[in-house]
Amino acid sequence: GGKGELTVKNVKDDEFIRADVPMTKFNIRNLSIAYMQIEKGDMFLDIGGGTGSVSVEAALQGADVVTAEAGLEACRLIEKNCKKFAVNVRLIEGFAPEILLKPEYRSFVCDKCFIGGSGGRLRPVFEYLKTALKHGGILCADFILIKNLYEFLSLLEEFGYSDIEAHLIQTASMGKAGLFKGENPVYIVK
């Protein structure tokens, strides 16, 4: 773009304002975004926005983004990161899906949904998505804990989802001494 214009794709982790809020890391974030096949004009719902890294990347891809986040510090970070990257994200403060059931959000329907954190509320989220996720829409989630992965997989089956893909991603980054330091393995399910 021109001078002063912000055209960013594939944002590096250290470009996000972080604090102590968990963030979906670069490799996992970009794989998740790619699996969801985000297109310009998609309605995108991010449940458990964290730092807002996935929301920002989705908005940079041209999606209309709604983010639900319950943590106060996380909400402030989402606002700061959206401002930094000059993207418009509608932030809804509170626990999903309860907050999304308020009358002003009832008519909301999304094409793509990412679950970055569910606070142990996966079943109610699935109930909510029965009407909030368009038929043929894409649901994606990342997990570190195997018990959450199993719960998610069984809910996908119970709620009749198809074309399920699950990936175990293990990354390691080279440090200054040339040694590789492993990250937690992450399960991405689409």
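Kindly evaluate Ala96 against the criterion of being of a type in the set (Gly, Ala, Ser), assigned to a strand (DSSP E or B) and buried (at least 18 other Cβ atoms within 10 Å of the Cβ).
It is false that Ala96 is of a type in the set (Gly, Ala, Ser), assigned to a strand (DSSP E or B) and buried (at least 18 other Cβ atoms within 10 Å of the Cβ).
Can you tell me which of (1) small (Gly, Ala, Ser); (2) open to solvent by 40 Å² or more (accessible area, probe 1.4 Å); (3) part of a helix (DSSP H, G or I) is the one Ala74 doesn't meet?
Of everything listed in (1) small (Gly, Ala, Ser); (2) open to solvent by 40 Å² or more (accessible area, probe 1.4 Å); (3) part of a helix (DSSP H, G or I), Ala74 misses just condition (2).
Can you give me the ranges of the strands (runs of 3 or more DSSP E) entirely in the stretch 107-189 with at least 1 residues that are loosely packed, with under 12 Cβ neighbours inside 10 Å and either in contact with a Ser or Thr (Cβ under 7 Å, 6 or more places away or on another chain) or without any contact (Cβ under 8 Å) to a residue 12 or more places away in the chain (or both)?
In the stretch 107-189, the matching strands (runs of 3 or more DSSP E) lie at 133-143, 172-174, 180-182.
Can you run down the residue pairs with Cβ atoms below 7 Å, 6 or more apart or on separate chains, where the first is in the stretch 14-35 and within 27 Å of Gly137 (Cβ to Cβ) and the partner is aromatic (Phe, Trp, Tyr) and part of a loop (DSSP other than H, G, I, E, B)?
Taking only residues 6 or more apart or on different chains, the pairs are Met23/Phe16.
Which of the following residues is over 18 Å from Pro22 (Cβ atoms), at pLDDT below 95 and β-branched (Val, Ile, Thr): Ile138, Ile144, Ile99, Ile92?
Result of the check over Ile138, Ile144, Ile99, Ile92: Ile99.
Please state which one of Val54, Val87, Val11 is assigned to a loop (DSSP other than H, G, I, E, B) and open to solvent by less than 20 Å² (accessible area, probe 1.4 Å).
Every option except Val11 fails the conditions.
The values are calculated or read from the model by the stated rules, or taken from the named source; none is laboratory data. Here the structure is a predicted model, which means the values were calculated and not measured. Cβ atoms come from the backbone with ideal geometry, glycine included; neighbour counts cover every protein chain shown. Remember, those area values only see protein heavy atoms, side chains included, never the ligands or the DNA or RNA. Shrake-Rupley method; radii C 1.70, N 1.55, O 1.52, S 1.80 Å.
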